[in-house]
Amino acid sequence: MKENPRQTALAARKRQLLLDGAVFRIGIVHAKAQVAHGFRAESLLQAALVCARSFANAKLEAALGPPDGRIRRLMPLAITAFSMLSRKKISKLAIGAVLTAIAAIALIKRNKK
């Protein structure tokens, strides 16, 4: 029995549409899972912390950074220096004095603008 070419084409099209529908349904299930994961407390907290860190970094870069924006190159040096100071158990008074000096420099730079 010979198959009609039109019926063969229709059957192939039907298989393709069924596969496309299955892929679409999988995409919907995946999107629902992503939304459910995004609304978990841990995910919301992590997103808030990332947002706060980005905001603080932008403000710090604007206040303390050199005009050409080299703060990203200077941050590893600052972190290393702070780590060294904390390892040597420098008193809290010295760390407070350094932070106060940084704040004063930022205020002076801001007032010059």
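The values are calculated or read from the model by the stated rules, or taken from the named source; none is laboratory data. The shown structure was predicted, so the numbers you read here are calculated from the model rather than taken from an experiment. Methodologically, a virtual Cβ is constructed for each residue, glycine included, from the backbone with ideal geometry; neighbour enumeration extends over all protein chains shown.
Of all the criteria given as (1) closer than 30 Å to residue 105 by Cα; (2) at pLDDT 85 or above, the one not satisfied by residue 61 is (2).
Just name the residue that is modelled with the lowest pLDDT out of those in the stretch 69-94 that are over 25 Å from residue 54 (Cβ atoms) and hydrophobic (A, V, I, L, M, F, W, C). Taking the candidates together, the pick is 90.
Table: residues versus (1) under 30 Å from residue 112 (Cβ atoms); (2) among the charged types (D, E, K, R); (3) surrounded by fewer than 10 Cβ atoms within 10 Å (Cβ to Cβ); (4) free of Cβ contacts under 8 Å to residues at least 60 places away in the same chain.
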| site | (1), (2), (3), (4) |
| --- | --- |
| 12 | no, no, no, yes |
| 16 | no, no, no, yes |
| 20 | no, yes, no, yes |
| 26 | no, no, no, yes |
| 31 | no, no, no, yes |
| 41 | no, no, yes, yes |
| 63 | yes, no, no, yes |
